[in-house]
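Colleague: Below: one structure in structure tokens.
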Amino acid sequence: MGIFEKLRSSKYSQEKNKVEINSDVHMEYGLPVHHSDKALEDDLSVLEKCIDELKDEQKQSVKLFFLEQKCYQEIITITGFEMKKVKSYIQNGKRNLKLCVEKEREQY
């Protein structure tokens, strides 16, 4: 089960206040922290869409770092990317995600 399916699952809904990723994602991308399940679903859909739009290297690095909570060394081992590339992919991916989320939210 992928991270977005986990976030959408009823189990997650029951425990969402215990899960750090929820508040981290919301704080990082300026999404409201306290809102309805519908709003949470909308936010997750936007975030998922924006992650899918990242370049492959950024997408892979961002997912491993933020969603799977892997450290840089684990990402290097999994992907074969160099340390400076991993840092760059995460930094640029994070910036691109933020821009994409802001753009998507303006369209609502």
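Colleague: Hey, any hits in the stretch 82-94 for a residue that's closer than 28 Å to L40 by Cα, basic (K, R), in a helix (DSSP H, G or I) and free of Cβ contacts under 8 Å to residues at least 40 places away in the same chain?
Modeller: no
Colleague: Still on this model: Please work out which residue is nearest to E106 (Cα to Cα), limiting yourself to the stretch 50-75 and to residues that are open to solvent by less than 90 Å² (accessible area, probe 1.4 Å) and assigned to a loop (DSSP other than H, G, I, E, B).
Modeller: L54
Colleague: In the stretch 43-81, how many residues are touching a residue at least 60 places away in the same chain (Cβ under 8 Å) and not aliphatic (A, V, I, L, M)? Step through it out loud before you land on a result.
Modeller: Of all residues in the stretch 43-81, those touching a residue at least 60 places away in the same chain (Cβ under 8 Å) come to 63, 67-68.
Imposing the further condition that a residue be not aliphatic (A, V, I, L, M) reduces the set to 63, 68.
Residues meeting the conditions: 2.
The values are calculated or read from the model by the stated rules, or taken from the named source; none is laboratory data. Everything numeric here is computed off the predicted structure, so don't read it as measured data. Cβ coordinates were reconstructed from backbone atoms using ideal geometry, including for glycine residues, and neighbour counts include every protein chain displayed. Protein only, heavy atoms only, side chains kept; ligands, DNA and RNA dropped before computing areas. Shrake-Rupley method; radii C 1.70, N 1.55, O 1.52, S 1.80 Å.
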